[in-house]
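The values are calculated or read from the model by the stated rules, or taken from the named source; none is laboratory data. Only a predicted model underlies this, so the values are computations on that prediction, with no experimental measurement involved. Neighbour counts run over all protein chains shown; Cβ positions are idealised from the backbone, glycine included. These area figures cover heavy atoms from the full protein model, side chains too; ligands, DNA and RNA do not enter into them. Shrake-Rupley method; radii C 1.70, N 1.55, O 1.52, S 1.80 Å.
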Amino acid sequence: QVRIVESGGGLVQPGGSLRLSCAASGLILSYFNIAWFRQTPGKEREGVSCISTSGGPTYYADSVKGRFTISRDDATNTVYLQMDSLKPEDTAVYYCASPGTLGRLCHYGGSFNLRAMDYWGKGTLVTVSS
């Protein structure tokens, strides 16, 4: 079975940093376009960032551009989200997601392609507060 597990969330002060990790079993992440989404109570799940397969582009939501960096470590089958200069508005449960079909885009038509995601982790909570 495919399993995705996020880690690295926690409580951090505004202006601080966290690095989220997305690890997978039963799925080679380097073959897929991997996305991070986040969700707060009462709001729709929104795309944060995604990374294409080798040679492809990365994408960031306008709200995190310049502060967050997505990357891969193929040796450990892990995708990271480095979050710097965190703001209280970044508080959310962060989810890692992957398509189940090769070649499906994580960003399409100017937005993150939530419907392309077939596999999801359970999420990791990030709380930014003083």
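In segment 76-89, is there at least one residue being part of a helix (DSSP H, G or I) and either surrounded by 18 or more Cβ atoms within 10 Å (Cβ to Cβ) or touching a helix residue (DSSP H, G or I) at 6+ places or on another chain (Cβ under 9 Å) (or both)?
In the first step, residues of segment 76-89 are kept if they are part of a helix (DSSP H, G or I); the result is 76, 88-89.
Checking the rest, the ones that are also either surrounded by 18 or more Cβ atoms within 10 Å (Cβ to Cβ) or touching a helix residue (DSSP H, G or I) at 6+ places or on another chain (Cβ under 9 Å) (or both) come to none.
Scanning segment 76-89 turns up no residue that is part of a helix (DSSP H, G or I) and either surrounded by 18 or more Cβ atoms within 10 Å (Cβ to Cβ) or touching a helix residue (DSSP H, G or I) at 6+ places or on another chain (Cβ under 9 Å) (or both).
Could you please tell me which pairs satisfy a Cβ distance under 8 Å, a separation of 6+ or placement on different chains, a first residue in segment 1-27 that is free of Cβ contacts under 8 Å to residues at least 12 places away in the same chain, and a second residue that is of a type in the set (Asp, Glu) and buried (at least 17 other Cβ atoms within 10 Å of the Cβ)?
Matching pairs, first to second residue: none at all.
Among Ala116, Ala61, Ala75, which is the only one that is aliphatic (A, V, I, L, M) and at pLDDT below 95? Talk me through it step by step, then tell me what you get.
Details: Ala116 fails: at pLDDT below 95; Ala61 fails: at pLDDT below 95.
Answer to the check: Ala75.
Against the condition modelled with pLDDT of 95 or more and closer than 21 Å to Gly8 by Cα, how does Ser111 come out, does it pass? Outline the logic, then answer.
Values: modelled with pLDDT of 95 or more: yes; closer than 21 Å to Gly8 by Cα: no.
Spelling it out, it is not the case that Ser111 is modelled with pLDDT of 95 or more and closer than 21 Å to Gly8 by Cα.
Quick check on this structure: which one of Thr40, Thr69 is touching a residue at least 40 places away in the same chain (Cβ under 8 Å) and of a type in the set (S, T, N, Q)?
Thr40
Please work out which residue is most open to solvent (accessible area, probe 1.4 Å), limiting yourself to segment 100-125 and to residues that are part of a loop (DSSP other than H, G, I, E, B) and among the hydrophobic types (A, V, I, L, M, F, W, C). It would help to see each step written out before you state the result.
Step one: of segment 100-125, the residues part of a loop (DSSP other than H, G, I, E, B) are 100-106, 109-110, 113, 117-118, 121-123.
After this cut, where a residue has to be among the hydrophobic types (A, V, I, L, M, F, W, C) as well, the list is 102, 105-106, 117.
Numbers: Leu102: 121, Leu105: 80, Cys106: 3, Met117: 13 Å².
Of everything passing the filter in segment 100-125, Leu102 is most open to solvent (accessible area, probe 1.4 Å).
Can we say Ser63 is open to solvent by less than 60 Å² (accessible area, probe 1.4 Å), free of Cβ contacts under 8 Å to residues at least 60 places away in the same chain and either over 20 Å from Val128 (Cβ atoms) or not in a helix (DSSP H, G or I) (or both)? Walk me through how you get there before you give the answer.
Details: open to solvent by less than 60 Å² (accessible area, probe 1.4 Å): no; free of Cβ contacts under 8 Å to residues at least 60 places away in the same chain: yes; either over 20 Å from Val128 (Cβ atoms) or not in a helix (DSSP H, G or I) (or both): yes.
Answer is no for this residue.
Evaluate the following for Gly56: is it in a loop (DSSP other than H, G, I, E, B) and either surrounded by 14 or more Cβ atoms within 10 Å (Cβ to Cβ) or not hydroxyl-bearing (Ser, Thr, Tyr) (or both)? Walk me through how you get there before you give the answer.
Details: in a loop (DSSP other than H, G, I, E, B): yes; either surrounded by 14 or more Cβ atoms within 10 Å (Cβ to Cβ) or not hydroxyl-bearing (Ser, Thr, Tyr) (or both): yes.
The answer is yes for Gly56.
Tally the residues that are of a type in the set (Val, Ile, Thr) and either open to solvent by 30 Å² or more (accessible area, probe 1.4 Å) or not in a strand (DSSP E or B) (or both), restricting the search to segment 4-50. Give the steps one after another, and end with the answer.
Let us first name the residues in segment 4-50 that are of a type in the set (Val, Ile, Thr), namely 4-5, 12, 28, 34, 40, 48.
Okay, now just the ones that are also either open to solvent by 30 Å² or more (accessible area, probe 1.4 Å) or not in a strand (DSSP E or B) (or both), so 5, 28, 40.
Residues that pass the stated criteria total 3.
Counting only residues that are of a type in the set (Ser, Thr, Tyr) and within 12 Å of Trp36 (Cα to Cα), how many does segment 89-118 have?
The first filter runs over segment 89-118 and keeps only residues of a type in the set (Ser, Thr, Tyr), leaving 91, 94-95, 98, 101, 108, 111.
Those still in the list that are within 12 Å of Trp36 (Cα to Cα) too: 94-95, 98.
The total comes to 3.
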